[in-house]
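K.L.:
Provided herewith is a single structure, encoded as structure tokens, for subsequent inquiry.
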Amino acid sequence: MIPTLHDLQFYADPRANQTRYGTLARTFESNFGTSPQFFARSPGRVNLMGDHIDYNFFSVLPMAIDVDVVVAVSTVSDSNEITITNTNPEFKKSTIVLPSDGSVVTINHELFSWANYFMCGLIVAHKYILDSHPELVSGGKKPLKGLNMTFDGRVPTGGGLSSSAAICVASTLAILRANRLTEIPKKDLTKITVVTEHYIGVNTGGMDQCASIYGEISKALLIQFKPELNATPFKFPQLHEDNELVFLITNSLQVSNKHETAPFHYNLRVVEMAIASDYLAAKLGLPPLPKDSNIKTGSLRGLLDAYFESKSQPKWNGKDIAIGIERLTAMLELLERNDIFTSDQKEGFTTEEAANGLGVTLDQFHQTYLSSFPVKYTKLKLYQRSKHVFQEASKVLQCLDLLQSYNGNPDKFLDDFGNIMNKSQVSLDVLHNSSNKELNEICAIAVANGSYGSRVTGAGWGGSIVHLTTAKKVGALKAALKTNYYDKHFPGLTEQELAEAIVVSQPALGSSIVEL
Ligand code: NG1
Ligand code: MG
């Protein structure tokens, strides 16, 4: 269930900021002339291990972070309107009129505004109420309750920390609670919010919302996609009385515009991995893979499952560490066989070579792999991309193993976990090619100045780096990054901009309702 925290018991968590809620309540009062009745909140997230494997259905290991979106809410009797305001003056007040026949609102795509993210949350919450608790809206004949709302977002936008998931989930949760739904299973909230951003045309997967919802203090989350989307929390060890483990997340301030770069970056990786899955299945003499990828082709997880099924092995649950590592290692060994990839093929495939390898015509190849969205390449790096995915999926399990088998040696834990992060960074750089000179530079500065492990997190080609460190080392680490990276590449940065670029966090509490 989504936790409800009473009387701001939330402050029992020493990291929560009491004055923030007080300030937000006062802003709400000055906006609306009444006090809020409750707060709904949902945090950002950072992925600790497992990048570019979620769309191959291998599990990932993110955590919710301390920065979140909080919304103060009160119901307005006899009103058909929801008025939303924001503590950030850039985001202007907006009023949404709820159709009086009880139907679900629609989004005007012409007007791009922050309110659209709220609307996404509103739509999925309304549909959920109609499906599961129609009595709350007289079977769909009555509109939802009129509301006043003030949002306060602390998740930096555009840095890969999922501010969009945080605002969508906080909005959904606020609407549900305002309409008298207080017992909300995390599973249901995840299921309905996973599609929120699809309403504004962004085809996101499920990691972001799931991590924001399931976050727990001091815990990383294993997010699985098969057999269904769910999250299992795993506790980080308590290191020392006076020295805690801390994650530092630094925004490289290199903007990777996903829309412009997708044809040769993100979307090309989706396509390369899809081709690699079907190519490897053909080479291994397996029957055609289930068409479960984003572009309706095989996936690398589907390949692994099919391979072991062909050996009459029981299905892997995606979670059992020993079996997983053993199977992923076997897949990595297969990639090295000369009859799978010749040394020329390891360099990459032209379109013709890939079509030949798959035993399909050029037309069929275009139709199957290149027609979903435009991609640009000279060579398809099937060997490198599959190697990255199998290695990275194995690293998620290795991290999980460290979390579960901690035996009271903090230095060893930090070294081991950090090492896996550093190796993942090499894989992202060398095999996946989503790092670059500046991102590598940030990692090198950090590792030389108190980071145990540093890696690009999220899509890459810019965006953020996550570093593992401790409370005692974090000050020096921040100072070194400021001097050696930010001052050098972005000399004009204001203090506020720098503060937004460097986020310090421990694994934080996920979505919750705070009752007053
Ligand atoms: P970021 O860059 O954090 O939004 C993107 C994808 C994830 C995942 C990572 C790479 C979106 C919204 N998210 O994350 O699903 O594939 O890249 O691991 O596109
Ligand atoms: Mg997002």
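No lab work stands behind these numbers, since they all come straight from the coordinates. Every value quoted in this text rests on a predicted model; they were computed, and no experiment measured them. Ideal geometry is used to build each Cβ from the backbone, glycine not excepted, and the neighbour counts take in all protein chains shown.
K.L.:
When you count, for each residue, the other Cβ atoms within 10 Å and take the mean per peptide, how do 458-469, 357-368, 438-449 rank with the highest first?
P.N.:
Result, highest mean first: 458-469, 438-449, 357-368.
K.L.:
Would you pull out the residues with amide H under 5 Å of Gly458's amide H, same chain only if 5 or more places away, H placed 1.01 Å from N?
P.N.:
Asn47
K.L.:
Using the Kyte-Doolittle scale, which helices in the chain average at least 0.0 and also have C-alpha atoms spread 20 Å or more along the helix axis, with helices defined as whole DSSP H runs?
P.N.:
115-132, 163-178, 266-283, 321-335
K.L.:
Another question, if that's okay. Using the Cβ atoms and a cut-off under 11 Å, what net charge is assigned to the surroundings of Gly302, where Lys and Arg are +1 and Asp and Glu are -1? Don't skip to the answer; put the middle values down first.
P.N.:
Details: positive: Lys226, Lys291, Arg301; negative: Asp278, Asp292, Asp305, Glu309.
Value of the local net charge: -1.
K.L.:
Give me Phe28, Phe308 sorted ascending by neighbouring Cβ count inside 10 Å, so fewest comes first.
P.N.:
Taking fewest neighbouring Cβ atoms as first place, the list is Phe308, Phe28.
K.L.:
Between Ser35 and Thr23, what length in nm is gained on full extension when 0.36 nm per residue of separation is reduced by their alpha carbon distance?
P.N.:
Residue separation times 0.36 nm, minus the Cα-Cα distance, leaves 3.1 nm.
K.L.:
Which of the peptides 239-245, 319-325, 491-497, 122-128 is most tightly packed, and how do the rest follow, going by the mean number of other Cβ atoms within 10 Å of each residue?
P.N.:
122-128, 319-325, 239-245, 491-497
K.L.:
Distance from the Cα centre of the range 380-399 to that of the range 198-240, in angstrom?
P.N.:
20
K.L.:
Please state the charge dipole magnitude for the range 266-428, taken about the Cα centre, from unit charges on C-beta atoms (+1 on K and R, -1 on D and E), reported in debye and rounded to the nearest 20.
P.N.:
260
K.L.:
Figure the gain on full extension for Ser138 and Ser343 (residue separation times 0.36 nm, minus the Cα-Cα span) and round it to one decimal in nm.
P.N.:
67.1 nm
K.L.:
Under a straight-distance cross-link criterion of Cα-Cα below 17 Å, which lysines are reachable from Lys311, leaving out those fewer than 8 residues away in the same chain?
P.N.:
Partners within reach: Lys283.
K.L.:
For each of Tyr377, Tyr486, count neighbouring Cβ atoms within 10 Å of the residue's Cβ, then give the residues from fewest to most.
P.N.:
Final ranking by Cβ density, sparse to dense: Tyr377, Tyr486.
K.L.:
Compute the distance in nm between two label points, each set 7 Å from the Cα along the Cα-to-Cβ direction, one at Glu81 and one at Asp487.
P.N.:
5.2
K.L.:
A further question follows. Around Asp415, what is the net charge, scoring Lys/Arg as +1 and Asp/Glu as -1 over all other residues with Cβ under 14 Å from its Cβ?
P.N.:
Numbers: positive: Lys412, Lys423, Lys473; negative: Asp411, Asp416.
Charge balance near Asp415 sits at +1.
K.L.:
Using the beta-carbon distance between Val430 and His198 and R0 = 41 Å, what value does 1/(1 + (r/R0)^6) give for FRET efficiency, to the nearest 0.05?
P.N.:
Efficiency, from the Cβ-Cβ distance: 0.75.
K.L.:
List the residues, sorted by chain then number, that are 5 or more residues from Val76 or on another chain and whose placed amide H is less than 5 Å from its amide H.
P.N.:
Gly146, Leu147, Asn148
K.L.:
Sort out for me the Cα centre separation of the range 36-51 from the range 314-377, rounded to whole Å.
P.N.:
35
K.L.:
Give a residue-ordered list of calculated ³J(HN,Hα) values for the range 233-244 (Karplus: 6.51 cos²θ - 1.76 cosθ + 1.60, θ = phi - 60°; whole Hz; x for Gly, Pro).
P.N.:
Taking θ as phi minus 60°, the curve returns x, 10, 6, 7, x, 7, 7, 9, 3, 10, 9, 8 Hz for the range 233-244.
K.L.:
Sorted by average packing, counted as other Cβ atoms within 10 angstrom per residue and highest first, what order do 50-59, 276-285 take?
P.N.:
On the way: 50-59: 23.9, 276-285: 20.7.
Those peptides, ordered most packed to least, come out 50-59, 276-285.
K.L.:
Further question: Please compute the length gained on full extension between Ser405 and Lys127, using 0.36 nm multiplied by the number of residues separating them and subtracting their Cα-Cα distance.
P.N.:
95.8 nm
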